[in-house]
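Below is one structure; the comments refer to it alone.
The values are calculated or read from the model by the stated rules, or taken from the named source; none is laboratory data. These numbers come from a predicted model, not from an experiment. Neighbour counts run over all protein chains shown; Cβ positions are idealised from the backbone, glycine included. We work out accessible area using only protein heavy atoms, side chains counted, and drop any ligands, DNA or RNA first. Shrake-Rupley method; radii C 1.70, N 1.55, O 1.52, S 1.80 Å.
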Amino acid sequence: MRSRLTDVGYRSIFTAATRRERIANFEAYWAYSVGHDGEILQNQKDLVKKRDTLAGFQADPVRSRRPLADPARFYRNNVIMQDDPRTLDRKTLLLTFLYKFARHEYVGISAAWERTERMTESTSMLAKIGLYHLCEEFSHMRLFQEIFRTFHLDQVEWVPLGKWMSRMYRLFPMFPEAMLAPPAFVSELMGLTVYGHIDGVLDEILADEPEARERVRALLREVMTDEVAHVGQRRNFLGPLGLRAARLMVESMYRAFFRDIPETTRLFNVEQMVRDGKAFDYSTIAPEMLAKSWVPSYCRASA
Ligand SMILES: [Fe+2]
Ligand SMILES: [Fe+2]
């Protein structure tokens, strides 16, 4: 007899949901967030449980035994690729890719933070969800820095984007929620897709570094567990029209984004990433992550 757990199947992230289901799911998500993160630490853009998790990693550091052949190559190419990417070794390439991807996120969340009011007694549930979400994203930036430190890259700072791009990100939160909800959802989905593909190349790229590889995987999966929940949360903001718009946006948003990161095609299969985004359901996520994450009720199906 199969156990009940294995009977749970998943429906596409693009499955329809009623308004009532979405309201119930926001309540469920908020309860999940508080349990998952603990108290918010607004001045530090942090959350109690996230802070403790990071402290746990830092108290037990793992450092690569085979440092990068030339760390200067990382620092020369992380913000903008200066060298021919074909000349970079795969470890450096993976790390400069991760930096570029995370930096975009850093700029986006910093702009959103500026426009977000701090939490008070009267803050609505949706606004609290937003604040927790942003603090989780900031905690990911610290986990990424810990990944860089694993490779003895202790000098990694998040460089703001150029004037034009920063202005775009600052304008972003001024659009009405209905317009922003689909691209905000697709960004989360893209993040999850990227981290899944990074996870998929760790065995090959870090084959000669089993300890560092396992540490990087553990740090990455901390982030992914939250991203799994963000995908469902941002999905829950979408009504039928938004959902349709989001589905149409997946391909063009993924392609436009990766076109700007020259490392992408050297590391990953962009076609597969696009297919994974369009076809996403939770069956591809490791059960250990799902156990600590959150899935909308309407994306679960009992087999
Ligand atoms: Fe993120
Ligand atoms: Fe996220």
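Listed values, structure above:
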{"item": "Total formal charge among the other residues, if their Cβ is under 12 angstrom from that of ASP281, Lys/Arg +1 and Asp/Glu -1", "result": "+3"}
{"item": "Among GLY232, THR284, PHE151 the positive-end extreme of the charge dipole of the chain (Cβ point charges)", "result": "GLY232"}
{"item": "Alpha-carbon centroid distance for the pair region 88-135 / region 183-254, whole angstrom", "result": "14 Å"}
{"item": "Carbon plus sulfur fraction of accessible area for the chain, probe 1.4 Å, in percent", "result": "55 percent"}
{"item": "Accessible solvent surface per residue of region 12-302, calculated while the other protein chains remain in place, 1.4 angstrom probe, Å²", "result": "48 Å²"}
{"item": "Hits among lysines - C-alpha to C-alpha of LYS100 under 18 Å, sequence gap 8 or more where chains match", "result": "LYS91, LYS163"}
{"item": "Per-q log10 I(q)/I(0), region 144-303, q = 0.10, 0.13, 0.18 Å⁻¹ (Debye; single scatterer per alpha-carbon; no solvent)", "result": "-0.43, -0.73, -1.33"}
{"item": "Sites LYS128 and THR15 - FRET efficiency at Förster radius 25 Å, r taken between beta-carbons, to 0.05", "result": "0.45"}
